[in-house]
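Single-structure report; data block below.
The values are calculated or read from the model by the stated rules, or taken from the named source; none is laboratory data. This structure is a prediction, so every number in the text was calculated from the model and none was measured. When we count neighbours, we look across all protein chains shown, and the Cβ atoms used for this are built from the backbone with ideal geometry, even at glycine.
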Amino acid sequence: MRRRAVSLAIALLAIVLPSLAVGGTVCGTVRDVTTNAPVAHAGVFVRTTAGAYTGLNGATDAAGAFCIALVPPGTYDLEVLVDRYQVGYLRGVVVTGTVSVDVPVAPGLRLAASPNPAHDATRIVWTLPATGPARVTAADLGGRVLREWGAASLAAGEHTVTWNFTDRSGRSVGAGVYFIRLETAAGVRERALVRIR
């Protein structure tokens, strides 16, 4: 009788454990949009569609390939960082099993915010690969633009502004998740920014 109970328990575990460990896998390649060359040593981070980091990540190998396992079923965004700068952001990746995605990036076009999370202010830094128009916006979760910086023509290289978490009218914005977005002729970059109190 005891042997039969143990066999039954093992059979139940064989059914239950795989269902508990269900998770998808996101694999793909990160490539430069201009040269189509693979981007090695890039970090790929899984974020919720609201921009929150899930704790799941991977890195590209020399061929630009990555795989991230045990991703729960759902819809996610993929953020690609090189040297702590965001170089790509792919929205709406649906995970139901194994998913294959290609992530186009422009390594010369970078966007970062530090500190993140931030309390009183954050430093927004972007790098342009060539001289041209650039617009940086800070928006809430609903897409409402709170602040805007940029010019019709900015020189190639690094640019910096400090956002003190106020809107266009000078009113302080509340704690929460915001999106910093860089729009240029070379492409668009976006990253989530968290304000804490």
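Taking the condition of being part of a loop (DSSP other than H, G, I, E, B) and among the small types (G, A, S), how many residues in region 152-185 meet it? Number satisfying all stated conditions: 7. If you go through region 91-128 and keep only what is in contact with a Lys or Arg (Cβ under 9 Å, 6 or more places away or on another chain), closer than 21 Å to T184 by Cα and part of a loop (DSSP other than H, G, I, E, B), you end up with A106, L109. Quick one: in region 95-128, which of the residues that are among the charged types (D, E, K, R) and modelled with pLDDT of 90 or more is nearest to G24 (Cα to Cα)? The qualifying residue nearest to G24 (Cα to Cα) is D102. The selection criterion, being surrounded by 16 or more Cβ atoms within 10 Å (Cβ to Cβ), part of a strand (DSSP E or B) and modelled with pLDDT under 90, holds for G88.
G143 satisfies every condition listed in (1) crowded, with 16+ Cβ neighbours inside 10 Å; (2) on the phi > 0 side of the Ramachandran plot except (1). The C-beta contact set for region 176-197 (first residue at positive phi and assigned by TED's automatic domain parsing to the domain that holds L146, second residue part of a strand (DSSP E or B) and surrounded by 15 or more Cβ atoms within 10 Å (Cβ to Cβ), distance under 9 angstrom, 6+ apart or interchain) comprises G176/V194; G176/R195; G187/G88; G187/P104; G187/V105. Only one of these is buried (at least 18 other Cβ atoms within 10 Å of the Cβ), closer than 19 Å to L182 by Cα and in the same structural domain as D32 (by TED's automatic domain parsing): V46, V95, V80. Name it. Only one candidate passes the filter, namely V80. A Cβ distance below 7 Å, combined with a sequence gap of six or more or placement on separate chains, defines the contacts here; from region 55-67, residues that are among the aromatic types (F, W, Y) reach residues that are assigned to a strand (DSSP E or B) in the pairs F66/C27; F66/G28; F66/V30; F66/V44; F66/G58; F66/A59.
Going by what's in this entry, would V30 be described as modelled with pLDDT of 50 or more and of a type in the set (A, V, I, L, M)? Answer is yes for this residue. Among the residues of region 39-52, none qualifies, meaning not one is modelled with pLDDT of 95 or more, more than 29 Å from A175 (Cβ to Cβ), out of contact with any Cys (no Cβ under 9 Å at 6 or more places or on another chain) and small (G, A, S). Considering region 161-189, the residues that are crowded, with 18+ Cβ neighbours inside 10 Å and among the β-branched types (V, I, T) include one that is nearest to the chain's Cα centre (by Cα), namely I180.
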